[in-house]
Amino acid sequence: MKKTVKTAVAVLAAGALISLGACGGSTNQNANRSPSPTATSTATEGAAGQGTQNITVTATNWKFDKPEIRVRQGDKIHLTLQNQQGNHGIEIPELNVNIKGGETATFTADKAGTYEYRCSIQCGPGHNGMVGSIIVE
Ligand SMILES: [Cu+2]
């Protein structure tokens, strides 16, 4: 049996070489492809039921206390900004979010990806460093 397989491989290889030598026309590569095991979907667990997440970001001069926020795709997010020090805002243009201190934005994280959020109020020398990301997964 093993011998047969080896021979078959050799023949295939020779065939590949020949067809390469010819004009690289139609090779039958699909024959090689076994059905790939489908990835187990841990990412979609609980995706059926839409959840709600309340997230509060606290801002000081000049940083947000949550540089990275992870949420689940499909969840409804209530994002609140609390200014503990200074006057800051949060904007996420891609998600249509723009809030000031004490305000809450509500949006649905329906698209996976990483969204940058940043301070929307010119608050001083550290303003440009006030960024974070919301990761929808
Ligand atoms: Cu700012």
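Nothing in this text is a laboratory measurement; each read-out follows from the coordinates by a stated rule. Computed from a prediction, not measured in an experiment: that's the story for all the values here. Methodologically, a virtual Cβ is constructed for each residue, glycine included, from the backbone with ideal geometry; neighbour enumeration extends over all protein chains shown.
Just a few scattered comments:
- GLU94 paired with GLN50, simple spin-label distance in nm, labels 7 Å along Cα-to-beta-carbon: 2.0
- Cut-off 10 Å between beta-carbons: net charge of the residues surrounding PRO93, Lys and Arg +1, Asp and Glu -1: -2
- All other residues whose Cβ lies under 13 angstrom from that of ASN128 are scored, Lys and Arg at +1 and Asp and Glu at -1, for a net of +1.
- Relative to the current alpha-carbon distance between THR108 and VAL131, full extension at 0.36 nm per residue lengthens the span by 6.2 nm.
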